[in-house]
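This report refers to the structure that appears directly beneath it.
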Amino acid sequence: MSDSAIYWGRVTHDRFLPRAHKFSYQVMMFDLYLDELDAISRDVKRIALEGHVTRRAVARKWRNVLPGRYVLRRDDFLPQYSGTLDEAAREMYHELVGDVAPGRIAILTNLRSLGWNFNPISLYFFYDGANLVNTVAEVTNTPWLERHLYVLGPPGAVEFAKAHHVSPFLEMAGRYRLTYFKPNERFRLSMKLFDLDDVASDGLGAKRFSATMNFDRVGLTGREVARAARRYPDMAFRVTLRIYVQAVRLFAKRIKYVPHPKSVNGEVHVPRT
């Protein structure tokens, strides 16, 4: 029996400064154990692999761009690391954490559909038996499509510096406070962005932005994937479109445009963690 799943739920963004702006969308994401990918592509209709995702490399197929199919393509994830997706995730873990990944790995993400994919965030869960020991977030910004990796640690709360120009409507300076829970029948993640304040005892100033993910789990079956395909045949494209729709609304509210740091300083230097 597969441990992989589909999570259905809602993503909410809430901006507090300099002007209020809030939106909320229903979404679905796949939670896939990397050691199950060959079996999933064989046994679950409408899910396919492309590239060297596993040891069994698969060529791209024209039918995978048709409506109702979801594709995990190797170069959509951790392209800076070599090997299969499992090997790449373990190499990433060793590089960022300084240790060997202890056991199974799962990824919570959007899959390619209608030939398109974009993931503002993918989460790599690293397990030791049933214990979730660490999570790494792979964040992609818009419109530059640059990737950045944040080590989140085990479930609970963590703080870290903002090190990725994720939006042209947010300043680079800031600090995140993120809380998440182990994926079970539900998955919850909350992230808040604070301004920096040298006077405050915790170094944090006003809360500028927050984002939440509130999901419910269903098993990964052909029937459930077919339901997803009927409801969200273009999930990844919808994510991209919604980002640009909200950008237009922010622009209409005269929210300050923040250029990419490299357009100001000539280069970008951000830490990996």
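The values are calculated or read from the model by the stated rules, or taken from the named source; none is laboratory data. Since this is a predicted model, take the numbers as computed values, not measurements. Cβ placement follows ideal geometry from the backbone for every residue including glycine, while neighbour counts extend to all protein chains displayed.
Among the residues making up segment 137-159, those that are farther than 19 Å from ARG175 by Cβ and surrounded by 13 or more Cβ atoms within 10 Å (Cβ to Cβ) are GLU138, THR140, THR142, TRP144, GLU146, ARG147, PRO154, PRO155.
Is it fair to say ALA101 is surrounded by fewer than 16 Cβ atoms within 10 Å (Cβ to Cβ), of a type in the set (Gly, Ala, Ser) and touching a strand residue (DSSP E or B) at 6+ places or on another chain (Cβ under 9 Å)? No; evaluated as a whole, the condition is false for this residue. Strands (runs of 3 or more DSSP E) fully within segment 28-146 that include at least 1 residues being free of Cβ contacts under 8 Å to residues at least 40 places away in the same chain: 47-50, 121-128, 131-140. Of all residues in segment 187-237, those satisfying the criterion of being hydroxyl-bearing (Ser, Thr, Tyr), in a strand (DSSP E or B) and either touching a residue at least 60 places away in the same chain (Cβ under 8 Å) or buried (at least 19 other Cβ atoms within 10 Å of the Cβ) (or both) are SER210, THR212.
Results for (1) touching a Leu at 6+ places or on another chain (Cβ under 9 Å); (2) of a type in the set (A, V, I, L, M, F, W, C); (3) at negative phi, shown as yes or no for each residue.
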residue	(1), (2), (3)
GLY98	no, no, no
ILE107	yes, yes, yes
ASN117	yes, no, yes
PRO155	yes, no, yes
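For segment 47-64, what are the residues that are in contact with a helix residue (DSSP H, G or I) (Cβ under 7 Å, 6 or more places away or on another chain) and buried (at least 17 other Cβ atoms within 10 Å of the Cβ)? ILE47, ALA48, LEU49, GLU50, GLY51, HIS52, VAL53, THR54, listed by residue number. Scanning segment 65-84 for residues that are surrounded by fewer than 14 Cβ atoms within 10 Å (Cβ to Cβ) and either in contact with a strand residue (DSSP E or B) (Cβ under 7 Å, 6 or more places away or on another chain) or within 16 Å of ILE40 (Cα to Cα) (or both) yields a single hit, ASP75. For segment 1-33, a residue qualifies if it is at pLDDT 95 or above, surrounded by 14 or more Cβ atoms within 10 Å (Cβ to Cβ) and polar (S, T, N, Q), and the qualifying residues are SER4, THR12. All told, GLU36 falls short of being out of contact with any helix residue (DSSP H, G or I) (no Cβ under 6 Å at 6 or more places or on another chain), under 22 Å from LEU145 (Cα atoms) and either at pLDDT 95 or above or of a type in the set (Lys, Arg) (or both). Among the residues of segment 147-173, the ones that are outside any strand (DSSP E or B) and modelled with pLDDT of 95 or more come to 4 in all.
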